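Notes for the one structure printed next.
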Amino acid sequence: MPVRAAGAESGTGAPKSPPETMEELEHTCPQPRLTLTAPAPFADETSCQCQAPHEKLTIAQARRGTPVDRPVRVYADGIFDLFHAGHARALMQAKTLFPNSYLLVGVCSDDLTHKFKGFTVMSETERYEALRHCRYVDEVIRDAPWTLTPEFLEKHKIDFVAHDDIPYSSAGSDDVYKHIKEAGMFVPTQRTEGISTSDIITRIVRDYDVYARRNLQRGYTAKELNVSFINEKKYRFQNQVDKMKEKVKNVEEKSKEFVYKVEEKSHDLIQKWEEKSREFIGNFLELFGPDGAWKQMFQERSGRMLQAFSPRQSPNSSPTRGRSPSRSPSPPWVINKTSPPSSPKAASASLSSMSEGDEDEK
């Protein structure tokens with residue numbers, strides 16, 4: 001909210017008189033970015049031209065949201081080589097320190113970095129551009145100083161400096177942020193464990209052969225990779241060996257898959273064969289087993305054949321009462337008059353046969 005000019009009366013409609021002192025000036029500080037469709041601007045393109053005085057704030061005041069007429073200007077600096085998630089998290093913490101904050105990020109040039117820290121992987125231009133496309137950054141300051149001076153802080157209207165609390169010894173100082181901490185302008189952030197630019201470089205150095213071979217395979221020359229003639233031939237030979245290994249691995253995987261499919265089909269075939277075998281054996285036993293249908297049928301046919309070849313004969317003797325009167329035999333004492341015995345021997349034989357018949361009847 002803009003500060004009301006001294007002497008202006010509300011509701012009178014009278015025009016405001018021009019400000020007479022610095023305290024009456026309205027703040028025209030740049031506001032935080034509301035859209036993320038464009039990269040953050042550079043400080044030398046949109047520097048803070050606000051003429052209103054920036055009163056010294058305490059951390060407690062800034063966290064309460066005061067002053068209400070301007071954002072709290074927070075500064076974070078670094079090298080930001082191989083920009084990674086650890087950098088982004090530190091900037092996120094710096095951006096969210098206060099309810100209404102404007103984050104300025106200073107990036108040191110190649111000359112300063114190579115002098116005080118060492119050689120970088122990315123050039124300063126690449127590092128500037130990486131910071132411009134971070135969503136938490138409102139403004140990027142190129143060629144930032146290694147040690148913050150009062151003139152630099154005043155020029156950019158910086159209220160607080162955000163950095164991790166570990167003492168940063170460099171440029172002949174045990175802690176380059178010591179004077180910032182003593183002035184009450186330092187706000188600590190937390191480092192992200194497990195990731196840093198040094199860790200990434202260590203991985204590259206450790207697996208140098210792998211990356212060199214990969215880039216040779218992608219078309220980079222040995223001169224571009226600073227690889228000797230012998231190492232180039234070695235890497236290319238290793239690439240060929242890896243290709244052969246990959247082919248063999250693919251063949252093995254396909255063979256395993258084929259064997260697995262054959263085993264599945266064999267299992268199914270064996271299972272079906274067992275089922276069919278059980279069904280066949282069951283049907284066979286039903287036909288030809290001890291109590292099978294074939295035996296019963298054979299017995300029936302055999303009985304019919306025996307009846308056909310040997311018909312039943314009438315019984316030789318039966319009870320007298322069961323005989324019909326027409327078929328009753330003659331009494332043994334009745335002598336057939338029509339056929340007398342031809343001789344005494346024949347007569348005796350007939351008498352003996354009749355006596356045997358009597359015994360049988362008895």
Counting only residues that are among the small types (Gly, Ala, Ser) and within 20 Å of VAL107 (Cβ to Cβ), how many does the stretch 153-172 have? 3
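For (1) without any contact (Cβ under 8 Å) to a residue 40 or more places away in the chain; (2) of a type in the set (S, T, N, Q); (3) not in a loop (DSSP other than H, G, I, E, B), each residue gets a yes or a no:
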residue: THR192; (1), (2), (3): no, yes, no
residue: VAL210; (1), (2), (3): yes, no, yes
residue: LEU225; (1), (2), (3): yes, no, no
residue: VAL241; (1), (2), (3): yes, no, yes
residue: LYS249; (1), (2), (3): yes, no, yes
residue: LYS254; (1), (2), (3): yes, no, yes
Would you say THR120 is open to solvent by 30 Å² or more (accessible area, probe 1.4 Å), assigned to a loop (DSSP other than H, G, I, E, B) and under 24 Å from SER173 (Cα atoms)? no
Mind listing whichever residues of the stretch 94-117 are among the hydroxyl-bearing types (Ser, Thr, Tyr) and open to solvent by 30 Å² or more (accessible area, probe 1.4 Å)? THR96
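Against the condition within 17 Å of LEU91 (Cβ to Cβ) and in contact with a strand residue (DSSP E or B) (Cβ under 6 Å, 6 or more places away or on another chain), how does VAL176 come out, does it pass? Show your work before the answer.
Numbers: within 17 Å of LEU91 (Cβ to Cβ): no; in contact with a strand residue (DSSP E or B) (Cβ under 6 Å, 6 or more places away or on another chain): yes.
When the stated conditions are applied, VAL176 does not pass them.
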Among the residues that make up the stretch 68-78, is at least one of them in a loop (DSSP other than H, G, I, E, B) and of a type in the set (A, V, I, L, M, F, W, C)? yes
Condition (residue is in contact with a strand residue (DSSP E or B) (Cβ under 6 Å, 6 or more places away or on another chain) and open to solvent by 70 Å² or more (accessible area, probe 1.4 Å)) applied to the stretch 143-152: is it met by at least one residue? no
Residue under question is HIS267, and the condition is that it be assigned to a helix (DSSP H, G or I) and at pLDDT 85 or above; does it hold? no
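The values are calculated or read from the model by the stated rules, or taken from the named source; none is laboratory data. Computed from a predicted model, the values in this text were never measured in an experiment. Cβ atoms come from the backbone with ideal geometry, glycine included; neighbour counts cover every protein chain shown. Ligands, DNA and RNA are excluded from the accessible area calculation, which covers all protein heavy atoms including side chains. Shrake-Rupley method; radii C 1.70, N 1.55, O 1.52, S 1.80 Å.
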